[in-house]
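Read the structure below first, then the notes.
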Amino acid sequence: MQSEKHIASAFDRDLEAIQAMIMKMGGLVEAAILDAAQALESRDEELAERVRAADRAVDALEDQINTEAARLIALRAPTAGDLRTALTVIKIAASLERCGDYAKNLAKRSTVLAQMSPIGDTAGGIRRMAKAVELLLKDALDAYIHRDIELAEDVRRRDREVDQMYNSLFRVFLTHMLEDPRNITACMHLHFIAKNIERMGDHATGIAEQVIYLVNGAMPEEPRVKGDITSVTLLDGSQ
């Protein structure tokens, strides 16, 4: 019995260290999202470059989390809920790494857009969308730490609002391109940025769904309703 308690306490200590890395990684990604959007709006190329450079720290943390999680599974041989927890942190780290990549891509395109004329208030709209996604990501990570299913479900619901923001921006980009063909290049960059942010929202929602899996032992029964209509718009011109 004493040996089992020792193994359990050692697992908990190792898991706490990994979770601390997850939260650090999440903090870096949240900052990258906001900074990249700010760099776009303020046309700050130095800030965009800092976002790109900071992505290396995010990648390093993912590698460290994967290494420690694999070691945890090998040494502690967790079962049932503990094994789900170990696997969940690996998946969360992967989602955060992808969000970091999207933020880096946003910063890259911001540098290009800084050389072009602004397109209305599209940069402001992107910043507002990025803030909404950053809050989704923060809440998804909070839901993980507190094993809060209600908060995780709230994140799933709010992702639809991000989709609607993306759809609105997409229509604005189309309008600007139709009004003046000289706007096409800038609007295409802006569209890719908005799409990257929308995908960040999907990853935040994926983290929330991992929380539900972690607590319930099963993924949500009801599929998440997506509000992205742009694929339909591109195919047949419907709104």
Karplus (6.51, -1.76, 1.60) ³J(HN,Hα), θ = phi - 60°, over the stretch 89-99, in Hz, Gly and Pro reported as x:
5, 5, 5, 5, 4, 5, 5, 5, 5, 5, 4
Would you please put 73-79, 51-57 in order of how densely packed they are, using the mean number of other Cβ atoms within 10 angstrom per residue and starting with the highest?
51-57, 73-79
In whole Hz, with x marking every Gly and Pro, tabulate ³J(HN,Hα) for the stretch 133-144 from phi via Karplus 6.51 cos²θ - 1.76 cosθ + 1.60, θ = phi - 60°.
5, 4, 5, 4, 5, 4, 5, 5, 5, 4, 4, 5
Computed E for Met23/Ala77 - FRET, C-beta separation, R0 25 angstrom, nearest 0.05:
0.45
By how many degrees, between 0 and 90 and to the nearest 10, does the Cα long axis of helix 2-42 differ from the longest principal axis of the chain?
10 degrees
Pair Lys91, Ala60: separation of 7 Å Cα→Cβ label points (nm)
2.9 nm
In whole percent, how big is the carbon plus sulfur part of the accessible area of the stretch 9-232, probe 1.4 Å, protein atoms only?
53 percent
For labels at Val215 and Asp12 in the simple 7 Å Cα→Cβ model, what's the distance in nm?
2.0 nm
Compute the helix-to-body angle for 149-179: its Cα long axis versus the longest principal axis of the chain, expressed 0 to 90° and rounded to tens.
20 degrees
The stretch 49-174 - Rg (one decimal) and Dmax (whole number), Cα, Å:
18.1, 58
I need the phi-derived Karplus couplings for the stretch 52-57: 6.51 cos²θ - 1.76 cosθ + 1.60, θ = phi - 60°, integer Hz, Gly and Pro marked x.
4, 5, 5, 5, 4, 5
Count charges around Asp148 for me, please; just the other residues with Cβ under 11 Å from its Cβ, Lys/Arg as +1, Asp/Glu as -1.
-4
So what is the orientation-averaged projected area of the stretch 55-95, using the convex hull of its C-alpha atoms, in nm²?
2.6 nm²
Can you show me the helix-derived [θ] at 222 nm for the chain, built from DSSP H runs with n ≥ 4 at -39,500 (n - 2.57) apiece and divided by the number of residues, rounded to the nearest 500.
-30500 deg cm²/dmol
Add +1 for every Lys or Arg and -1 for every Asp or Glu among the other residues with Cβ under 11 Å from the Cβ of Leu15, and state the total.
-3
Taking a spot 7 Å from the Cα of Glu45 along the direction of its beta carbon, which residues of the stretch 187-204 have an amide N less than 11 Å from it?
none
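Ranked highest first by average number of other Cβ atoms within 10 Å, how do 195-207, 158-170 line up?
Details: 195-207: 23.8, 158-170: 19.7.
Top of the packing list down: 195-207, 158-170.
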Specify which labelled value, from (1) 19.7, 64; (2) 19.9, 75; (3) 21.9, 71, agrees with Rg and Dmax of the Cα atoms in Å derived from the coordinates of the model shown.
(2)
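With 22 Å as the cut-off, how large is the P(r) tail for the stretch 119-224, expressed as percent of Cα-Cα pairs? If you can, show how the numbers build up before the last one.
Numbers: 2117 of 5565 pairs.
Beyond 22 Å sits 38 percent of the P(r) for the stretch 119-224.
Hey, can you find the accessible area per residue of the chain for me, probe 1.4 Å, expressed in square angstrom? Provide the component values of the computation, followed by the final result.
Values: 11720 Å² over 239 residues.
Each residue of the chain exposes 49 Å² on average to a 1.4 Å probe.
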Under a point spin-label approximation (7 Å from Cα along Cα-to-Cβ), what is the Glu222-His146 distance to one decimal in nm?
2.2 nm
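Want the number for Ser117 to Thr175: 0.36 nm per residue separation, take away the alpha-carbon distance, what's left?
Numbers: separation 58, 0.36 × 58 = 20.88 nm, distance 1.62 nm.
Computed gain between Ser117 and Thr175 is 19.3 nm.
The values are calculated or read from the model by the stated rules, or taken from the named source; none is laboratory data. As the structure is a computational prediction, the values presented were derived from the model and not from experiment. Cβ sites come from the backbone with ideal geometry, for glycine too, and all protein chains shown count toward neighbours. We work out accessible area using only protein heavy atoms, side chains counted, and drop any ligands, DNA or RNA first. Shrake-Rupley method; radii C 1.70, N 1.55, O 1.52, S 1.80 Å.
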